[in-house]
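Worksheet: the structure to be examined is printed underneath.
Here, each number is a calculation from the coordinates, and none is a lab measurement. The structure presented is a predicted model; accordingly, all values stated were derived computationally and were not measured. Positions of Cβ are generated from backbone atoms using ideal geometry, with glycine treated the same way; all protein chains shown enter the neighbour counts.
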C-alpha cells in the first residue's frame, strides 16, 4: 500500500481534477439544478463516450481526494488537540 499523499499534494490534485471537470462542464453545458442530477444530466448531454467515462472518473477522483483531505484535516486537528493535553 502506498503512503497517504500530503494535504498539499491532495489540494494540487483536487485543483487539477476541478480544472479538467470544468472543461467538460463548459463543453457540454452541464447545468444540473440539483447535485443529485449531475450524473443524469451528464448522461443525457455528453455525446462522446470517452468524455462521459472521463467525467465519471473525475467525479470519483474528486470525491476520493475531497474525503481524504477532510480525513487528514480531522486527524491533524485531533493530533494537535491531543498534544495540547
key: For the chain, calculated [θ]222 nm from helices alone, where every DSSP H run of n ≥ 4 adds -39500 (n - 2.57)   = -27000 deg cm²/dmol
inquiry  = Within the range 8-37, name every residue whose backbone N is under 17 Å away from a label modeled 7 Å from Cα of residue 50 along the Cβ vector.
reply    = 20-21, 23-25, 27-28
query = Share of Cα-Cα pairs in the chain beyond 15 Å, in percent?
reply = 65 percent
ask   = Length gain on complete extension for the stretch residue 11 to residue 60, per 0.36 nm per residue less the alpha carbon to alpha carbon distance?
value = 16.1 nm
task = Just order 56-66, 41-51 by mean Cβ neighbour count inside 10 Å, highest at the front, would you?
result = 56-66, 41-51
